[in-house]
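Remarks on the structure that follows.
The values are calculated or read from the model by the stated rules, or taken from the named source; none is laboratory data. These numbers come from a predicted model, not from an experiment. No Cβ is skipped: glycine too gets one built from the backbone with ideal geometry, and neighbour counts run over all protein chains shown. All accessible areas refer to the heavy atoms of the entire protein, side chains included, with ligands and DNA or RNA removed. Shrake-Rupley method; radii C 1.70, N 1.55, O 1.52, S 1.80 Å.
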Amino acid sequence: MARILKWIIGALAGIALLATLPIFSAAQTKNESFEIRKATVGDGVELHYVERGSGVPVVFVHGSLSDGGFWNDQLGPFAAGGYRAIAYSRRYNPPNTNKVQPGYSAAVDAEDLASLIKKLELGKVHVVGHSYGALTVLFLAIKHPKLVRTLVLAEAPAVSLLAHLQGDRAEVGRTTFADIQERMVKPMKEAFQKADREAGLRTFIDFVLDDLQAWDKMPAATRQDALNHAHEWDVMMTTGSLFPELDADAVRHITTPALLLSGENSYGFLKLIDEELERLLPHSRRVILRGATHRMWHEQPEVCRKAVLDFWRDQPGS
């Protein structure tokens, strides 16, 4: 691989979708080049990553139907702020070409991330996750708390929590959980088990946009980009789990300071989950970004960055 390469970027511009529930990563606004490196983290798994700057390390974790290039525009500004900013592509996302192993989920991604942090000898890190990347970060904090300085969670699809909401939110939580399972997860599994990526993506897109013609309305190039980034679902939907169970009691025992970033105009079930995470996490701060959707990091990058930096400045030793 040439020393200087253009870092892989998400290509699905203009779509206000989930990240993982994936979000399509909007196209990056800067055509920057990065030196792409790779690290072997166990069982022959290679993770490609890029980095900028020096100082306290920050690891950025992208969502589904995306790759490490989701964070291209953030690496420079965070590096300029005195941090060593690192973004990597999760196991089955471009440009990684790892062998398929059964049982894949966000919990496996968390083990990969822990191994990457150790491999690079980063010590304790700030971890910033968007969508499925944020779910990965939650599992990391539960399983490997000594590796984490702070958590930044941008709308983690911790869907299993919906089935266990308390009080006046219990019924809507159970109903929402059942709807996601029946109208999205189940038909997606059926499609991917038949090796029909397009049908699986169609199900997902039509569900989250609540429009049975949503997939067909997308430009052909956008649909193709989605198909090109869907390999992780080939694995998850056949031998793994899209939404692994996240134990509420384990979340309660996360002592790491956590920042929750929520889009004011994001999807209702993500708001329910963020409300529950705010309740469960003992040291959390929630920032609701006015006018933003699940694509907050592209819609309001400066606002997101300021919220994160302000949060870190308030933490001892950060």
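Being touching a Ser or Thr at 6+ places or on another chain (Cβ under 9 Å) and in contact (Cβ under 8 Å) with a residue 60 or more places away in the chain is the requirement here; does F269 meet it? It would help to see each step written out before you state the result.
On the way: touching a Ser or Thr at 6+ places or on another chain (Cβ under 9 Å): yes; in contact (Cβ under 8 Å) with a residue 60 or more places away in the chain: yes.
When the stated conditions are applied, F269 passes them.
Report whether or not V125 is buried (at least 18 other Cβ atoms within 10 Å of the Cβ), farther than 26 Å from G240 by Cα, of a type outside the set (F, W, Y) and in contact (Cβ under 8 Å) with a residue 40 or more places away in the chain. In short, yes. Mind telling me which of the residues A178, A80, A85 ends up being of a type outside the set (D, E, K, R), within 21 Å of E51 (Cβ to Cβ), without any contact (Cβ under 8 Å) to a residue 40 or more places away in the chain and open to solvent by 10 Å² or more (accessible area, probe 1.4 Å)? Just one listed residue meets the conditions, A80. Of the listed requirements (1) in contact with a strand residue (DSSP E or B) (Cβ under 6 Å, 6 or more places away or on another chain); (2) aliphatic (A, V, I, L, M); (3) open to solvent by 40 Å² or more (accessible area, probe 1.4 Å), L116 misses just one: (3).
Please tell me if R295 is open to solvent by 40 Å² or more (accessible area, probe 1.4 Å), basic (K, R) and either touching an Asp or Glu at 6+ places or on another chain (Cβ under 6 Å) or closer than 27 Å to R149 by Cβ (or both). Step through it out loud before you land on a result.
Numbers: open to solvent by 40 Å² or more (accessible area, probe 1.4 Å): no; basic (K, R): yes; either touching an Asp or Glu at 6+ places or on another chain (Cβ under 6 Å) or closer than 27 Å to R149 by Cβ (or both): yes.
So R295 fails the test.
Could you please let me know if E232 is part of a helix (DSSP H, G or I) and touching a residue at least 12 places away in the same chain (Cβ under 8 Å)? In short, yes.
Can you pull out every residue in the range 88-113 that is in contact with a Ser or Thr (Cβ under 8 Å, 6 or more places away or on another chain), assigned to a loop (DSSP other than H, G, I, E, B) and buried (at least 24 other Cβ atoms within 10 Å of the Cβ)? Hits for the range 88-113 are R90, N93, Y104. Exactly one residue out of L212, L246, L272, L260 is open to solvent by 20 Å² or more (accessible area, probe 1.4 Å), out of contact with any Pro (no Cβ under 6 Å at 6 or more places or on another chain) and not in a helix (DSSP H, G or I), and it is L212.
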